[in-house]
Amino acid sequence: MDIAVAGAGYVGLVTAACLAEKGHRVACVDVDIEKVMLLQRGMSPIYEPGLEELVRKNRERLRFTTDYAAAYRRADVIIIAVGTPEERDGSVNLRYVWEAAKQIARTVEKDCVVAVKSTVPVGTGDELARWIAEYRKHPVHIEVVANPEFLSQGTAVNDTLYASRIVLGVESPHAEKVMREVYDPFALPYVVTDRKSAEMIKYASNVFLALKISYINDIANLCEIVDADIEAVAEGMGMDPRIGPRFLRAGIGYGGSCFPKDTKALCHLASRCGYELKTVRAAIDVNEKQKLKLIEKARTYIGDFHGREAAVLGLTFKPGTDDIREAPALANIAVLLEEGANVKVWDPVGMDNVKRIFAENLTYCATIEEAIANADLCFIFTEWPEIRQFDLCQYAALMKTPLVFDGRNCYDLESARKAGILYESIGRKQVG
Ligand code: NAD
């Protein structure tokens, strides 16, 4: 099939590359000329394991362009994968989706299906369908399908090639037939439903995972108070097949471009309909507090941060990605700087993105050793393998005071004790 993908971000680019891998001819469109130029040279503008190789491997079937008219004009399917960021009030900014819809309506010259992969509020597909039907330039039939995406950054290629399900929200058998042609080569299970239910599946799934994280963090905080161990608790819970072990890792909360905005968007949608989603509101509140939990712990050791040398290991919202959107590290660094600390940071792939926010206010280090040398205290915000495998004795050897605040429970408590560091983590007993 001839498929066009609007947006060459984490979702659009991975989708385009995987569709090409499965034999479709794909035109991936972006308005960002720098991104497109990099991609035309076979280089990925984002860090995502396996993606660059997949793009290069499929270059005969995969092209990158800013010329949306040429890409959309005769496509069988156009997939919208543009960003849907958060507004101040928690609602979803659909500006980019509408812009892409306008470009599609103006240019399409043959019958096609528009599949919305961006995460959009329930009802958006219906609105888009009405709008496109009214404003299309040529008398063609354009069907709108909700086709939400469930990939995780860091494992996006694998998640797409071996997805747990393909969700299709369709309003006609024809739209379903076309979308099955797109996805049949993946040989994955389908969930076929109406457009609104498909849009809701996306929010309900993401928000459920956020709830699970906030729940385990809430329990971790209680474990600290009653002297129980969250890891034993999570293990015991996770073995129950009704609960499952995933998303039960206590830490300093979720970040990224999805959970924070999707939880707020669902609450916003509910309140617009006069309904209060109390469980989700609680998950958001727990996460907000959890983010700065280590800062509060650190204060109990050293009072204030003025003039302190602070090392920060891990900047991205999780390992395996260069994405720092809503990363807990950012909120913590902002507090440290505001209170007068000198902050040295290390991350294997996230530092260029962080430089765009904090510029020369931070010292960017090439190694973990450089970041922790002479530090008064050290924070860990992302569980990169390099951090997990780091020799704990180095903290004691290199830091001025070996005070380590670990927001991702990277180390075993006994090893930390043996290495002679003062180690605080989340939901576990303190060993010093
Ligand atoms: P992103 O910001 O990485 O990428 C969006 C891209 O769209 C950008 O490159 C931007 O330049 C481009 N763009 C904007 N307007 C355009 C237009 N008119 N035509 C073509 N390109 C245009 O965003 P993302 O992380 O890939 O997320 C995209 C959507 O997928 C969002 O709705 C998000 O909620 C959803 N989603 C994201 C993830 C994830 O892990 N990132 C997972 C599932 C769903």
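FYI, it's all coordinate maths here, none of it is from the lab. Small disclaimer: the values here were computed from a predicted structure and weren't measured. Every residue, glycine among them, receives a Cβ derived from its backbone with ideal geometry; neighbour counts consider all protein chains shown.
Below are the figures for this structure:
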{"item": "Convex hull volume per residue for the range 121-221, taking Cα atoms only, in Å³", "result": "133 Å³"}
{"item": "Positive minus negative residues near F64 (Lys, Arg vs Asp, Glu; Cβ under 9 Å)", "result": "+1"}
{"item": "Relative contact order %, the chain, counting alpha carbon pairs below 8 Å whose residues are six or more apart", "result": "12 percent"}
{"item": "The range 348-381 and the range 225-298: distance between their alpha carbon centers, rounded to Å", "result": "27 Å"}
{"item": "Given charges at beta-carbon only (K, R positive; D, E negative), |dipole| of the chain in Debye", "result": "860 debye"}
{"item": "Around C223: net Lys/Arg minus Asp/Glu count, Cβ-Cβ under 12 Å", "result": "-3"}
{"item": "Over the chain: helical MRE at 222 nm, DSSP H runs n ≥ 4 each giving -39500 (n - 2.57), nearest 500", "result": "-13000 deg cm²/dmol"}
{"item": "In Å, descending, principal axis extents of the Cα set of the range 202-284", "result": "41, 27, 23"}
{"item": "For the range 2-193, the fraction of alpha-carbon pairs in successive 5 Å shells from zero, as %", "result": "1, 8, 17, 22, 22, 16, 9, 3, 0"}
{"item": "Fewest-first ranking of L315, L422, using other Cβ atoms within 10 Å as the exposure measure", "result": "L422, L315"}
{"item": "Two-site label geometry, Q40 and R246: point separation in nm, points 7 Å out along Cα→Cβ", "result": "3.9 nm"}
{"item": "Potential extension, K429-D184 segment - 0.36 nm per residue separation minus Cα distance", "result": "83.2 nm"}
{"item": "Estimated dipole of the range 292-424 in Debye, rounded to 20 [Cβ of Lys and Arg +1, of Asp and Glu -1, Cα centre]", "result": "180 debye"}
{"item": "Inter-site label distance for E127 and S172 at 7 Å from Cα along Cβ, in nm", "result": "2.3 nm"}
{"item": "Under 15 Å, Cβ to Cβ, from G238 - net charge with Lys/Arg +1 and Asp/Glu -1", "result": "0"}
{"item": "Whether the range 38-119 is rounded, prolate or oblate, judged on the alpha carbon gyration tensor where a/c under 1.5 counts as rounded", "result": "oblate"}
{"item": "Top positive-direction residue, dipole computed over the range 307-432 with Cβ charges, set G420, N374, P328", "result": "G420"}
{"item": "Beta bridges per DSSP with both ends in the chain, % antiparallel, nearest 5", "result": "5 percent"}
{"item": "q = 0.21 Å⁻¹: log10 I(q)/I(0) that the Debye formula gives for the range 292-424, counting C-alpha atoms only", "result": "-1.31"}
{"item": "Of the GluC sites (Glu not before Pro) in the range 250-321, those whose Cβ has at most 13 other Cβ within 10 Å and which sit in DSSP loop", "result": "E276"}
{"item": "Long-range HN-HN contacts of F379 with modeled amide H, under 5 Å", "result": "A311, V312, L313, F405"}
{"item": "Restricting the range 346-411 to trypsin sites (Lys or Arg not before Pro) in coil, as DSSP defines it, with at most 15 other Cβ within 10 Å", "result": "K400"}
{"item": "Calculated FRET value between E339 and D2, using beta carbons and R₀ = 45 Å, to 0.05", "result": "0.20"}
{"item": "Distance (nanometres) between label positions extended 7 Å along Cα→Cβ at E360 and R272", "result": "4.5 nm"}
{"item": "At R0 = 30 Å, FRET efficiency that the Cβ-Cβ distance of S152 and R95 yields, to 0.05", "result": "0.75"}
{"item": "Dipole axis of the range 202-284 (+1 Lys, Arg; -1 Asp, Glu on Cβ), positive-most option in N221, C273, G253", "result": "C273"}
{"item": "The range 202-284, dipole about Cα centre (Lys/Arg Cβ +1, Asp/Glu Cβ -1), debye to the nearest 20", "result": "660 debye"}
{"item": "Base-10 log of normalised Debye intensity for the chain (one unit scatterer per alpha-carbon) at q = 0.07, 0.09, 0.12 Å⁻¹", "result": "-0.38, -0.62, -1.02"}
